[in-house]
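See structure below.
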Amino acid sequence: MVGPGTGIAPFRAFLLHSNRVDTKFKLFFGCRREAEDFLFKEELNSLESSGRLSLLVTAFSREQRQKVYVQDKIASHSTELASVLVHDNARIYVAGAAGAMPKAVRRAFEKILAAHLGISNEEAKERIRNMVAKRRYQEECW
């Protein structure tokens, strides 16, 4: 799950109300500043501590000289993500602003597939298109 900014809303609701205990949910959340914008910090940390959320990765874009976004954090977890995408048929859900973020996130996943499978960028794009067709990659962006 990739939900920067207000994109956290559907994932938060899902995590709080889902009865699924057999699934390892990973959440990439981003905002400008942790102290000002990470409104659900305690709640999400609690979900991770309880095991309901297997991985919480945050990106605070304005807290360092060079901006860091969710797609950068996705890239830094490429080995783990490639494994679950290829071997576990993981699903990717992206929610949030419809600007540059959805395209940048998709490119990050394409790069992961290309690098870890040793395939061309075009083949990686085709794999993502197939995931979209099979509803394994979904975007809800506004």
So for the pair S78, H17, with labels modelled 7 Å out along Cα→Cβ, what separation do we get in nm? 3.8 nm
Could you size up the charge dipole of the chain around its Cα centre, putting +1 on the beta carbon of Lys and Arg and -1 on that of Asp and Glu, and report it in debye to the nearest 20? 280 debye
If K26, K73 are ordered by their accessible area, calculated over protein heavy atoms with a 1.4 Å probe, which sequence runs from highest to lowest? K73, K26
Run lengths n ≥ 4 of DSSP H only: what is the helix-derived mean residue ellipticity at 222 nm for the chain, with -39500 (n - 2.57) per run over all residues, to the nearest 500? -14500 deg cm²/dmol
Angle in degrees between helix 101-117 and the longest Cα principal axis of the chain, rounded to the nearest 10: 50 degrees
Mean-position separation - Cα centroids, region 86-113 and region 12-46, in angstrom: 17 Å
Everything considered on the Cα gyration tensor (a ≥ b ≥ c; rounded for a/c under 1.5, else prolate if a/b is larger than b/c, else oblate), region 49-142 must be described as rounded
Gain in span if fully extended, H116 to L39, counting 0.36 nm per residue against the direct Cα distance: 24.3 nm
Sort 96-107, 113-124 for me by packing, meaning the mean count of neighbouring Cβ atoms within 10 Å per residue, highest on top. 96-107, 113-124
May I ask for the angle, rounded to the nearest 10°, between helix 41-50 and the longest principal axis of the chain, with both axes built from Cα atoms and the value confined to 0 to 90°? 70 degrees
Any idea what angle helix 78-87 forms with the longest principal axis of the chain, computed on alpha-carbon atoms, 0 to 90 degrees, nearest 10? 60 degrees
On the accessible surface of the chain, probed at 1.4 Å, how many percent belong to carbon and sulfur atoms? 48 percent
Find the accessible area per residue for the chain; the probe is 1.4 Å, ligands and nucleic acids are left out, and the unit is Å². 59 Å²
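The values are calculated or read from the model by the stated rules, or taken from the named source; none is laboratory data. Since the model is a prediction, treat every value here as computed from it, not as a measurement. Don't worry about glycine lacking a Cβ; one is built from the backbone with ideal geometry, like all the others, and counts go over all protein chains shown. Each accessible area value is taken on the protein alone, full model and side chains, heavy atoms only, with ligands, DNA and RNA left out. Shrake-Rupley method; radii C 1.70, N 1.55, O 1.52, S 1.80 Å.
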